[in-house]
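*Asks:* Got a structure here, written out as structure tokens. Questions coming.
None of the figures in this text is laboratory data; all of them are computed from the coordinates on show. The structure presented is a predicted model; accordingly, all values stated were derived computationally and were not measured. Every residue, glycine as well, gets a Cβ built from its backbone with ideal geometry; the counts of neighbours run over all protein chains shown.
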Amino acid sequence: MLKAYENFFRRVKEKKAGNKAKAGFPRFKSIDQYRSITYPQDNGAFSIEGDGRKTMLRVSRIGRVRLEPHRQMEGKIKTMTIKRAAGKYYAIFTTVKGIEQRKIKDINPVGIDLGLDSFITMSDGTKVEKPKFVKRAEKRIAKWQRRIARRHKGSKRREKAKSKLQKKWEYVTNQSNDFAHKLSHELVNSGYTSFTVEKLGVNNMVKNRRLAQSIQNASWNRFINMLSYKAESAGMKVIRVDARDTTQECSSCHYIKKWEERLTLEDRTYHCNVCGMAMDRDVNASINILHRATTLGQRGSHAQGESVRPQREAVLEELRTYPANNRGSLGL
């Protein structure tokens, strides 16, 4: 409590000094904010017991509970997190396992433009649409939101309504995750040897109130993370490049439109005023994204979870990932 008030007074002083900061008077955290507990090491605080027919999880100060593993764990267990979501409890284990790193010759790179009209557009002209999962479920979600608003805080009926709403959101989230997993798997197995994507500042993009919800529902970062670990395990690379002016630049002569010439969201075709090239704006942007990776080169890499050291002209960021096959075709 003392620390909370110290931070509060510090923010008040910063605000008086002219800094853009919200004071935020200290308040007690809601019980709904605590949805998980983590055991940092397998040092006796938890253990998995089983006789082949049923598996039990023993947790200190909780006891023995039945565990339904959805797959065989590999490697040494380091941490365990017990998570509550939509009335269900999940045990999430983090393991450490050595993986043999494979390398594939980069002979078929592809650039990927992320968007709202098409979820991804690739430099070879391929487009993939994302089903509007939230749009389909928004009426059911709104119904339970209204019921929660009408019911008294702390009542059992309100808690039941909150549980129903959580289940609706969990279903939509699972749909989105399933789509991202399948799409990233298909890309890694479609004959491409490296992927170049935009380095997007989603936190700044959602400040646009007209597009904020659509951007959040798109889940671009989640898809890129899935593509990254699948690609590295297949010996491929995922490179992030600066997204600035990729839509406004001509992929043929590299002329960048001036402010009065710039495309708006309604313009779906790029027309170059210099060389006369006309092309779908998303395909043009994906070609520019790929060109930035091939012309500037790859400036180092970092393992996921490590800090990225600033590079000269820090434009490219290579993400290390984890394996899959490199053959197949887009079958979505």
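*Asks:* Exposure proxy check: 122, 73, 1, 279 ranked by fewest other beta carbons within 10 Å? Mind showing how you got there, number by number?
*Replies:* Working: 122 24, 73 11, 1 7, 279 17.
Lowest count first: 1, 73, 279, 122.
*Asks:* How high is the FRET efficiency between residue 264 and residue 43 when r is their beta carbon distance and R₀ equals 56 Å, given to the nearest 0.05?
*Replies:* Values: r = 58 Å, r/R0 = 1.04.
Efficiency computed from Cβ-Cβ geometry: 0.45.
*Asks:* Let me ask something else. First measure r as the distance between the Cβ atoms of residue 27 and residue 278, then evaluate 1/(1 + (r/R0)^6) with R0 = 51 Å and state the FRET efficiency to the nearest 0.05.
*Replies:* Efficiency at R0 = 51 Å is approximately 0.35.
*Asks:* Here is a further query. Here are some pairs, 20/127; 54/83; 97/237; 127/237; 54/130; 132/160; which of them have Cα atoms lying more than 32 Å apart in this structure? Let's see the in-between values first.
*Replies:* Values: 20/127 41 Å; 54/83 21 Å; 97/237 21 Å; 127/237 21 Å; 54/130 39 Å; 132/160 27 Å.
As for pairs spanning more than 32 Å Cα to Cα, those are 20/127; 54/130.
*Asks:* When we measure straight from the Cα of residue 164, which aspartates and glutamates land under 19 angstrom away, once same-chain ones fewer than 8 places off are left out?
*Replies:* Reachable aspartates and glutamates: 32, 138.
*Asks:* Obtain the nm distance between the two label points defined at residue 56 and residue 185 by a simple spin-label model: each point lies 7 Å from its Cα along the Cα-to-C-beta direction.
*Replies:* Spacing of the two 7 Å Cα→Cβ label points: 3.5 nm.
*Asks:* Count the net charge of all other residues whose Cβ sits under 11 Å from the Cβ of residue 76, scoring Lys and Arg as +1 and Asp and Glu as -1.
*Replies:* Details: positive: 78, 97; negative: 42, 74.
Taking every Cβ under 11 Å from that of residue 76, the sum is 0.
*Asks:* At 0.36 nm per residue, and after removing the present C-alpha to C-alpha distance, how many nm does the segment from residue 167 to residue 108 gain when stretched out fully? If you can, show how the numbers build up before the last one.
*Replies:* Values: separation 59, 0.36 × 59 = 21.24 nm, distance 4.19 nm.
That works out to 17.0 nm of additional length.
*Asks:* Mind checking which lysines have their Cα closer than 20 Å to the Cα of residue 22? Skip sequence neighbours fewer than 8 apart in that chain.
*Replies:* Candidates past the 8-residue exclusion: 3, 13, 207.
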